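For reference, the structure is listed below as structure tokens.
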Amino acid sequence: MASAPIDIPVKVKGLNDVDKLVSRMNALEKEVSRLNGKLPKAANGIRNTGRAAKSAAGGVNALNAAFAKIAVVIGTVTAAVGAFNVSVARTESERRIKILADAYGEAAQLADIAARASDRFGNSQTETNNALATTYARLRPVGVGLADIESIYGGFNTAARLAGANAQESAGAFRQLAQALGSGALRGDEFNSIAEQAPLVLQAVSKETGIAVGQLRDFAAEGGITADIVINALKRIEKEGA
């Protein structure tokens, strides 16, 4: 049986698009292969980064520990310097008492008064030494004796404590009181300071003079509140307020 060739027409639609797709698939395969080759390197980089971060964290921790040790050292040094300064200040206050009272042969007695007063009122020894030294320097040369000086400090601090004044306020007011006593009378700014920080002093002055508290300012302006009146008033407070 004779045969003849038969031509079967094949129609391919979108052949160009297929070719493009195949080309892109081949390119994608190559890119995947390339990326796969880089994965081990990337993994090593991540591991190295982790190790570096861990090392850095360790370094930061070590640095923090070092700073903590430095802070402890600084704190210790600061405390030591503070203690040294306190010791120096107290030594200087004791030397001041000795220098001032030696001229009258009363250094030991004045030091004993300061020790008792510090213990009684809870003020620092340095603060008490300086306050009494200032009072002694102002009043002893004008004939005020040790017993009166002790009563001045004791009576004033009793009045200040009963009035609720703090240590700093009391110290400032006492300095002004010593100035007033040294000048011979309580008046002006010194009067105002005592009226504010230790009003019981004015009440005691009122009892000593028989003048009402409300009229004492005018009396003080005239120089009527003399050192003797104030000292007697402070003795009264020391006795009655104890």
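Coordinate-derived values only; no laboratory data. These numbers come from a predicted model, not from an experiment.
Compactness ratio for region 149-199: Cα radius of gyration over 2.2 N^0.38 Å (N = residue count) comes to 1.01. Between amide H atoms placed 1.01 Å from N, distances below 5 Å from Ala185 occur with Ala227, all of them 5 or more places distant or on a separate chain.
Using 0.36 nm per residue and subtracting the Cα-Cα separation, the extra length available between Val88 and Val142 on full extension is 16.4 nm. In the calculated pair-distance distribution of region 131-242, the portion above 25 angstrom amounts to 9 percent of the Cα-Cα pairs.
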